[in-house]
Amino acid sequence: MLSTNDVRAVIIIGGGPAGYTAALYAARANLNPLVIEGFQWGGQLMITSDVENYPGYPDGILGPEMMQEFRRQAERFGAEFVTDDVTAVDFSEQPFRLWVGDDEYLAETVIVATGATARKLGLESEIAFQGRGVTYCAVCDAAFYGGKEVIVVGGGDSAMEEAIFLTKFASKVTVVHRRDEFRASPIMLDRARANEKIEFVTNAVIDEVLGDGAMRGVRLRSTVEDSTWELPADGLFVAIGHDPTTSLFLDQLEHDEAGYLVTAPGSTATNVDGVFAVGDVVDHTYRQAVTAAGSGCMGALDAERYLAAREGHPGTALTAPRPEAAEV
């Protein structure tokens, strides 16, 4: 029976590749982790159809199915789960305190694995065609668009990088941007403009994703005059940024201007001793399931090392010194 009064050795906040991998490693170290996985457990892979670039799945796997397997593997070794959202935390003293509504949980270590969310255009048709033409990751899904025409919406470095990457597969890439000036660095913009497969449509926004079952194009709307027109395409890659899910922690954990948590170099340790951060809450560069899983492993090992340095806990202490907390 799960008790909210026990002081847990490890509580993991978030259920995705990072959180479930941290839970697996912590459970196998006999730390009996509790995973408060959230209502929307599984992270961004729950809205991903085919995953073909995760090692060990040569025939590919559905994103939700892979997350279920991650979760089941952690559960096999004793991880416990609360399928609800953490509503408040207090990292000011030990044991750390976490709340899920009125229920309070206590922990000696906390691993934050709440992930990040791709910014969306806010269209009903965008949601309707998610996984059927609309995607948020070129590295993940570009291979599905070999020889096809696609659209990238965005004006920053990420959008240019996505567009350039997509030219390895697609026959044509159209970058749509709401202004005629770009936030992308000059070098990235020059590279995109020099690519013969990339075309630009500026001063326009996506008004609607069009299709019947599968996407067949978009309707564009001018931002400078009252006009709309259709642009045929097989895929829409939304590259307007990501937001880390860190609002609960910003007043207690060090973070950068974008809200990503900051950890000590070569470690998952935050500025609060005993609190670790893994996955997309710290990673705004790679954002892949495999890198998130690796980060989750690191977080569990760092937490185990921290607990082993304090006496009376099971698990094998690592030989390396415990990472120092990031400077505030």
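Of all the criteria given as (1) of a type outside the set (S, T, N, Q); (2) buried (at least 22 other Cβ atoms within 10 Å of the Cβ); (3) assigned to a strand (DSSP E or B), the one not satisfied by L210 is (2). Number of residues in segment 283-292 that are surrounded by fewer than 24 Cβ atoms within 10 Å (Cβ to Cβ), in a helix (DSSP H, G or I) and in contact with a Phe, Trp or Tyr (Cβ under 9 Å, 6 or more places away or on another chain) equals 1.
Note on segment 30-51: residues that are without any contact (Cβ under 8 Å) to a residue 24 or more places away in the chain and either part of a loop (DSSP other than H, G, I, E, B) or buried (at least 20 other Cβ atoms within 10 Å of the Cβ) (or both) amount to 1. From the list D280, D243, the one residue that fits, being in a strand (DSSP E or B), of a type outside the set (S, T, N, Q) and within 16 Å of the chain's Cα centre (by Cα), is D243.
The listed residues are E196, E257, and the only one of them that is over 27 Å from the mean Cα position of the chain (by Cα), over 20 Å from V134 (Cβ atoms) and part of a loop (DSSP other than H, G, I, E, B) turns out to be E196. If you filter segment 218-240 down to residues that are part of a strand (DSSP E or B) and among the polar types (S, T, N, Q), you find that the one that is nearest to V86 (Cα to Cα) is S222.
Only one entry of Y54, Y25, Y20 meets the criterion of being crowded, with 17+ Cβ neighbours inside 10 Å, part of a loop (DSSP other than H, G, I, E, B) and either within 18 Å of the chain's Cα centre (by Cα) or not β-branched (V, I, T) (or both), and that entry is Y54. If you go through segment 171-186 and keep only what is out of contact with any Lys or Arg (no Cβ under 8 Å at 6 or more places or on another chain) and basic (K, R), you end up with R178, R179, R183. Yes or no: L301 assigned to a loop (DSSP other than H, G, I, E, B), more than 25 Å from S125 (Cα to Cα) and modelled with pLDDT of 95 or more? Spelling it out, it is not the case that L301 is assigned to a loop (DSSP other than H, G, I, E, B), more than 25 Å from S125 (Cα to Cα) and modelled with pLDDT of 95 or more. You will find that of S267, S295, the residue that is under 19 Å from the mean Cα position of the chain (by Cα) and surrounded by fewer than 23 Cβ atoms within 10 Å (Cβ to Cβ) is S267 and no other.
The values are calculated or read from the model by the stated rules, or taken from the named source; none is laboratory data. Worth saying up front: this structure is predicted, and the values here are computed from it rather than measured. Reconstructed Cβ throughout: ideal geometry from the backbone, glycine too, with neighbour counts over all protein chains shown.
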